[in-house]
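Following: one structure in structure tokens, then a few remarks.
The values are calculated or read from the model by the stated rules, or taken from the named source; none is laboratory data. None of the values given here were measured: they were computed from a predicted structure. We place every Cβ from the backbone using ideal geometry, glycine too, and count neighbours over all the protein chains shown.
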Amino acid sequence: MTIAVFISSLLGFMALGMPVAFALIACGLAMMFFMGVTDPQIVIQNMWDGANSFPLLAVPFFMLAGEFMNAGGMTRRIIMMAMAWVGHIRGGLGYVAVVAAVIMASLSGSAVADTAALAAVLVPLMRNAGYNVNRSCGLIACGGIIAPVIPPSIGMILYGVTGGVSITKLFIAGIVPGVLMGLSIMIAWRWSIGRDKPKVEAKRTTAERLTATREALWALVLPIVIVGGLKFGVFTPTEAAVIAAVYSLLIGVLVYREIKPKQLFHLFYRAAETTAVIMFLVSAAGVSAWLITTANIPQQLADLVQPLMDNKMLLTFALMILVLLIGSALDFTPTVLIMTPVLMPVLKQAGIDPVYFGVLFIMNNAIGLVTPPVGTVLNVVCGVAKIPMSGAIKGVVPFMVAQTIVMLLLVVFPQIVMWPLQMMTR
């Protein structure tokens, strides 16, 4: 009965048009009333405790890093480098989009920011070259959602903080799955443009390629520094976020000289605005998380899936289907914050590694960003490209299917995730 109260109140308040953060608080109050708890200090205390976490400091700094990278020219140079190397291949601009998306994912960790930057540069080029615009937007959207999987990932920070899981291990475990997501949509792109005859970019000379690579070199150094520093214990994920922000600011101001002093306030403001939304959601989810634990909802869920407890693969499949359904109705951050405290006790009881599950969980929620009816990333690419949502939905299907297949393969073959992690953490 408690599960029914939780789900019905949350969905009911959201159906009334209440913002997700307020719906979470209202859902908590409804559960308190049902459980006979009437102390309003519980709400304030748990909102405070939900956001009072040192690792969450990484969120504003990674947001800042993303703003500095886009404004400072790092993003554009990455795209130009990818174009120099693979732009001349048939369907080359699609491969450029994927290569650039993977590199940018290793810099910012924000699907929305990466997608907006990629779409702004590549959609006009792909439209002029004769590519199907809907399909091109679908590819760029699915390229953008690699960002929450490859480190540094804001989603993994939220999952790690909420579930008490090592963020460093999550970051390292996400590298191979993120790359596989990129390869899968490359294959889907190659298959989907079979009959198209788009204009092919001129092949660049070796000198031009080296020049483009040298221009982007400052951006390419950053992911190596972050992953290397985390592997060898030089800094924590929170400190890595500070390093990323300071590094990208210095490159944008002193090396590329594209960030002007008058732009700084606007960049800080945009990062603060996005951070405020995320942190308010984190605070509101703290109330629900406490009540979920108090009401013993995880144990009730464990009882429902008890027949699958002895088969980790089937249980993981079932949980992935559940998350996929929820992720299509909720945005990325609320899904992570709501589902993590519910699922974590079930994972521990079943003996499923929370790091391994966390990678699949974040992948699943990332795919939800291009799944109707919410599809936040689809909305972004539609806004940039000025196409209707119906067109983007048609274009995204083959790439979304390809990434879902990768996720399901990782359920069947968990060693794909765990073996690289074990190698890099020795």
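Of all residues in segment 209-230 being of a type in the set (D, E, K, R) and surrounded by 13 or more Cβ atoms within 10 Å (Cβ to Cβ), which is nearest to residue 91 (Cα to Cα)? Walk me through it before giving the result.
Within segment 209-230, the first condition is being of a type in the set (D, E, K, R), and the residues that meet it are 209, 214-215.
Narrowing the set further to residues that are surrounded by 13 or more Cβ atoms within 10 Å (Cβ to Cβ) leaves 209, 215.
Working: 209: 19, 215: 24 Å.
Only one residue tops the list, namely 209.
Restricting the search to segment 76-107, which residues are buried (at least 23 other Cβ atoms within 10 Å of the Cβ), free of Cβ contacts under 8 Å to residues at least 60 places away in the same chain and closer than 25 Å to residue 228 by Cα?
If the condition is that a residue be buried (at least 23 other Cβ atoms within 10 Å of the Cβ), free of Cβ contacts under 8 Å to residues at least 60 places away in the same chain and closer than 25 Å to residue 228 by Cα, then 79, 82, 100, 104 are the ones that fit.
Every residue in segment 218-238 that is over 16 Å from residue 157 (Cα atoms) and either touching a residue at least 40 places away in the same chain (Cβ under 8 Å) or touching a helix residue (DSSP H, G or I) at 6+ places or on another chain (Cβ under 9 Å) (or both), please.
218, 219, 220, 221, 222, 223, 225, 229, 231, 233, 234
From the list 127, 135, pick out the single residue that is in a helix (DSSP H, G or I), more than 22 Å from the chain's Cα centre (by Cα) and at pLDDT 90 or above.
127
So is residue 157 surrounded by fewer than 22 Cβ atoms within 10 Å (Cβ to Cβ), out of contact with any Gly (no Cβ under 7 Å at 6 or more places or on another chain) and in a helix (DSSP H, G or I) or not?
no
Cβ contacts < 6 Å: first residue outside the structural domain of residue 115 (by TED's automatic domain parsing), restricted to segment 362-379; second residue of a type in the set (Asp, Glu) and in a helix (DSSP H, G or I), any location; separation 6+ or different chain. Result?
Close Cβ pairs satisfying both conditions: none exist.
Which condition does residue 57 not pass, out of (1) over 26 Å from residue 242 (Cβ atoms); (2) touching a residue at least 12 places away in the same chain (Cβ under 8 Å); (3) within 26 Å of the chain's Cα centre (by Cα), if it passes all the others?
Exception for residue 57: condition (1).
I'd like the full set of residues that are assigned to a helix (DSSP H, G or I) and under 16 Å from residue 172 (Cα atoms), limited to segment 389-426.
Matches in segment 389-426: 410, 415, 416, 417, 418, 419, 420, 421, 422, 423, 424.
If the requirement is being surrounded by fewer than 19 Cβ atoms within 10 Å (Cβ to Cβ) and modelled with pLDDT of 95 or more, which of these qualifies: 404, 425? Spell out how you get there, then give the answer.
Values: 425 fails: modelled with pLDDT of 95 or more.
Result of the check over 404, 425: 404.
Going by what's in this entry, would residue 190 be described as exposed (fewer than 15 other Cβ atoms within 10 Å of the Cβ), part of a helix (DSSP H, G or I) and among the basic types (Lys, Arg)?
Details: exposed (fewer than 15 other Cβ atoms within 10 Å of the Cβ): yes; part of a helix (DSSP H, G or I): yes; among the basic types (Lys, Arg): yes.
It is true that residue 190 is exposed (fewer than 15 other Cβ atoms within 10 Å of the Cβ), part of a helix (DSSP H, G or I) and among the basic types (Lys, Arg).
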